[in-house]
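So the structure is just underneath, and the comments pick up after that.
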Ligand SMILES: Cc1cc2nc3c(=O)[nH]c(=O)nc-3n(C[C@H](O)[C@H](O)[C@H](O)COP(=O)(O)OP(=O)(O)OC[C@H]3O[C@@H](n4cnc5c(N)ncnc54)[C@H](O)[C@@H]3O)c2cc1C
């Protein structure tokens, strides 16, 4: 297959500034050289390519939107989106790692942490010296985290946390977990360090999706968490949901990378695969699929760009992010399936990345709010009537 040149049917690049294009191209090259040649092996073995963490840290990809005083790159939201897009062209697992570290760990510390917590954790997380995870989902509370049963009880000098979290990205490799628990009935965020007694994070095995990503349970068996590890500015579930908005934003961009990877390969394959004496790209039914793909990619790119501008100028609301996450994940999955069809039997092999992207996208469509939840969020916004409690 030829070198990846990008997918830009509507000259969306002309709407980006020079710095954004430079960042995008740097990450694109990194993914082509360092990720794509090795990622299939990791997916097959069910391992996360942790050796890439220091490289990504050095490139400024961890917590890239936060200020330089915390060793971060202080980029805008469009650049952050482009980083996620390029990483997910490699693999959703790698993008998930960066999303979690940046949006679900560094963001709550930056937004709801004390000055001491920020000074202590943000530089180390930006440098990749410490890894974080975000524990919200529980075995019995996924789409409805308000029902969580993990609880914190005030004790001398701190809190006792008791409960369990499930499906936690980075859990087993994390040095620090942002754990959400109810204190006197109010959801608060706590920084649980891996050494704390009673805290374990066993890895969950048997995934057919996001195999190059660590997913874990978090078990909190009467864990003492000192006072200084409570995120002081958390005051309810809305703070956890603000973190999810950040992560959903990165997903909306990320899946465009998967779309571009699948489209690029399907187009090249269709032009070179000959059946009935001509390339299959010359058949109307194949062209229809390719046109669907390029149309949806273009729409998603423009949607993301406007969302990024709104995020940068402070006008993006949670329902805007929901619409983009919902649409782009759905379309990415449709594109991956169509690309698989275009490649025929070859599409099922790991010589091509399509089944890997397709399998990954099943998780991406589900996590950070399922497709249905985002439907209900946008539905509530446009009708003014909530479909859930
Ligand atoms: C690989 C992976 C990584 C993850 N990483 C993290 C992480 O790092 N941290 C974290 O906290 N969580 C994480 N999650 C969890 C994820 O966010 C949840 O799986 C997700 O929120 C859905 O919850 P659930 O799986 O319990 O599904 P459920 O909530 O049980 O939903 C099952 C189905 O019912 C539908 N449904 C539920 N309620 C309604 C309703 N009112 N109306 C219509 N349909 C409804 C859902 O849309 C879904 O289709 C991860 C999940 C995966 C798969």
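Every number here is computed from the coordinates shown, using simple stated rules; none is lab data. Keep in mind that this is a model prediction, so the values were computed, not measured.
From the largest down, segment 12-126 spans 41, 39, 18 angstrom on the principal axes of its Cα atoms.
Each stretch of four or more DSSP H residues adds -39500 (n - 2.57); spread over every residue of the chain, this sum gives -16000 deg cm²/dmol at 222 nm. In the chain, the longest principal axis of the Cα atoms and the axis of helix 77-90 are about 60 degrees apart. Helix 36-45 and the long axis of the chain differ in direction by around 60°, with both axes built from C-alpha atoms. D for segment 183-312, whole µm²/s, Stokes-Einstein with Kirkwood Rh over alpha-carbon pairs at 25 °C and 0.890 mPa s: what number? After rounding, the answer is 125 µm²/s.
Calculated over segment 238-383, the projected area of the Cα convex hull averaged across directions stands at 9.5 nm².
Helix 115-126 and the longest principal axis of the Cα set of the chain meet at an angle near 30°.
Rg/Rh for the chain: what does it come to with C-alpha atoms and Rh from Kirkwood? My calculation puts Rg/Rh at 0.98. The value of relative contact order for segment 132-235, using C-alpha pairs under 8 Å at least six residues apart, is 32 percent. Both radii are taken from the alpha-carbon atoms of segment 129-243; with Rh as the Kirkwood radius, Rg/Rh is 0.95.
Averaging Cα coordinates gives a centre for segment 325-366 and one for segment 82-154; these two points are 26 Å apart.
Out of every Cα-Cα pair in segment 118-193, what percent are more than 17 Å apart? The share of Cα pairs beyond 17 Å in segment 118-193 comes to 48 percent.
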